[in-house]
């Protein structure tokens, strides 16, 4: 009968391998700790089920597919069809490598194919060797798939450790098959092999976590630099607008003076037309929030150039509590997305409105949209090419809203072909607003 502790350790290694694989091919639903806790529960249940059925091969096969599938579906954003496909692939790789490992060791040391079933130490060593090969194989395969999306290659030196560990396993196997090796020594060797297996898996898991952390930090630094550049750009626009508005004001006065000196109707009509155009230019947003006004003006001009009708109503709330750089991240990303979608539609309209509800500021952006947005569950998915390098706009929006204790929701109105985003913001660091 399979030892319960040994079974649990094997399934723990399976869980770490499964986590490493799926985190390379899909996005996590939760943080690492929560995924590990879920994995421990799922694979722990699998270990118990395996013990109840006496390590039956057929039952063990089905259990492996089920627990890998449940773990992947619960912790990662994958379609059910992909979950089933990946779980089956993992099972095939694991079974194939286990068979190859036993056959190779039997041929190398001249032992019988079934020797490992009658010796617990050899059983542990066989499991450690096959799981080490299994882990390295699925890790490389998942990273190869991931590398095609532009994540870089693995350093060759990283594989020197598992290679050294496998050599140690082979030495341990040779020691355990010696007649003079005591039962106690065999058990110690088996324990050492388990420790080496777990250390190999943890090494790669830690490496992957560090790579993800470094990538996240670099992306955040890049986004912050981009936002700082945007803020500087808006500050320059603000100064230019102030200069132009001052010029427009003086020009209107000069035109009025010229019209007062002229008795020619044609000249007076021409001056009236120029004055009206200058008035239209001067009629800008005056919300009391300079950054908001500049952004409104910028998007108004951009909309006109792109043939989009842009309307706004910000009289009831000027988002004054929002820092300039946060306003750029929030409003810039939302309006950029709105204009991009509206430009591809027939109506070509974008509207922006703000309001106050209780202690929260409400921001509503609506745009014409002829095609329903791509989604994964309740999450929006970018429609741009190479999605691995896009889709960060809404993530930055969510991050900014969390800073102000807020949240957002979206809806697509198919009857009017419109996409609507509603965001709520409080004061910085106030309690989180949860979606209902």
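Read the figures in this text as sums done on the coordinates, not as results from a lab. As the structure is a computational prediction, the values presented were derived from the model and not from experiment. In this analysis, Cβ positions are derived from the backbone assuming ideal geometry, glycine residues included, and neighbour counts consider all displayed protein chains.
Table for the structure above
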{"item": "Percent of Cα-Cα distances greater than 20 Å, calculated over segment 9-72", "result": "23"}
{"item": "Over 20 Å [Cα-Cα, segment 4-222], rounded percent", "result": "60"}
{"item": "23, 164 arranged by Cβ crowding within 10 Å, fewest neighbours leading", "result": "164, 23"}
{"item": "Footprinting exposure proxy for 134, 312, 207, 11 (fewest neighbouring C-beta atoms within 10 Å first)", "result": "207, 312, 134, 11"}
{"item": "Least to most buried among 106, 87 (fewest other Cβ within 10 Å first)", "result": "106, 87"}
